[in-house]
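Quick notes on the structure that follows.
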Amino acid sequence: MKCHAASALLLLTRGESFSPASPTSRAPMKSSANTQQSTAPRRHFSSTLDAPPSSLNLSSEEDLQLTRQIIMAHVEKLGLDESILDDDDDENFRMVADPSSGDDDDLMDDDDYPENDLMIRAALGQKVERTPTWLFRQAGRHLPEYHEYKSKVGRNFLEMLSYPDDVAECTMQPCRRYEVDAAILFSDILVIPEALGVKVTMPGGVGIQVPFPLVGPADMRDRLPAKSEMTAEFVEDKLGHVLESVRLIRCRMREEDISIPLIGFSAAPWTLLFYMVGGSSKKNQGIGMEWLHEHSD
């Protein structure tokens, strides 16, 4: 069995096939503090630093337009006709949501498209029959099987992220227990600063920390790799374990007949900046603001 790397949008795979998930294998997803609900508060970001607070909230239409811009960038990358997003024809829609239905044999096999595509249709701005559900806390750390597994391997959360077998197992656990509409990669936003050479620690009881944040532009130039160094080879070297984890998860999903999308997540550059220069996204926020105003370049 050969499993390939996932594409950027929703981590859809290339070259794998899926079977419908067993309806009796998982319990229905119930509303709880650990699930993402349609009524949950939403956070929005603005590129205008001095904008009044009232302008930081996007309307539903503005939010949808921003989402469509992201989707269209992906469509353009795939070389598809942008006009098909505005067509109600089911066949045309499937060409956007499932590139395997196009003529390019290099994209995906027909069987690769998930049986449950609710999350994909919602992400594309299509009308859906209900709100997609997935675990708000990607780790599923409320699960007893998670704590049992963590104790078995003897690694903390941060250490587990470097082991594809651990990442795959912890990603799959909520999908086995609940009828979620997507799996979410067991990971953390700080794998990116770590890949850039910024030390990340988890001392216990205080969450993940950056003990030696950047102290100025000169320090940044000395400690971070140059932009020219951030090639595909660099990503494979520094984040290869994440890519391998994605491949392994998709293989496990196929083996266990769980046919849903695998989604990933990342922090906005703003959040990563606050961690990398202040050691946290919540404390020392003045340092982050100083960088934005005094070192904007």
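Going by average Cβ density within 10 Å per residue, which order do the peptides 210-217, 252-259 take, highest to lowest? Don't skip to the end; give the middle numbers.
Details: 210-217: 15.4, 252-259: 18.5.
Ranking, from highest mean packing down: 252-259, 210-217.
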Exercise. Along the Cα-to-Cβ line of His295, 7 Å from the Cα, sits a label point; which residues in segment 213-229 have backbone N less than 16 Å from it?
Worked result: 213-227
For this session: Can you check what the net charge comes to around Thr231, using other residues whose Cβ is under 13 Å from the Cβ of Thr231 (Lys, Arg +1; Asp, Glu -1)?
Result: -2
For this session: Sort 177-186, 241-250 for me by packing, meaning the mean count of neighbouring Cβ atoms within 10 Å per residue, highest on top.
Result: 177-186, 241-250
Exercise. Per-residue HN-Hα couplings for segment 266-279, Karplus 6.51 cos²θ - 1.76 cosθ + 1.60 at θ = phi - 60°, whole Hz, x for Gly and Pro?
Worked result: 8, 7, 5, x, 4, 5, 5, 4, 4, 5, 6, 10, x, x
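If Lys and Arg each add +1 and Asp and Glu each add -1, what is the summed charge of the other residues whose beta carbon sits under 10 Å from the beta carbon of Leu124?
Spelling it out: positives minus negatives among the neighbours equals +1.
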For this session: Using 0.36 nm per residue of separation minus the Cα-Cα distance, give me the extension gain between Glu76 and Ile189 in nm, one decimal.
Result: 38.0 nm
Seminar exercise, completed: Between Thr131 and Val215, the two model label points (7 Å from Cα along the beta-carbon direction) sit apart by a distance in nm of 4.7
For this session: For a label point 7 Å from the Cα of Thr201 along Cα→C-beta, name the residues of segment 143-170 whose backbone N is under 20 Å from it.
Result: 155-162
Seminar exercise, completed: Here the gain from full extension of Glu229 to Cys251, 0.36 nm per residue of separation minus their alpha-carbon distance, amounts to 4.8 nm
For this session: Starting from the amide H of Tyr178, placed 1.01 Å from N in the peptide plane, find each other amide H under 5 Å away whose residue is 5 or more places distant or on another chain.
Result: Ala27
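Rule-based calculations on the coordinates, nothing more; no lab input. If you're wondering where the values come from, they're calculated on a predicted model, not measured in any experiment. Ideal geometry is used to build each Cβ from the backbone, glycine not excepted, and the neighbour counts take in all protein chains shown.
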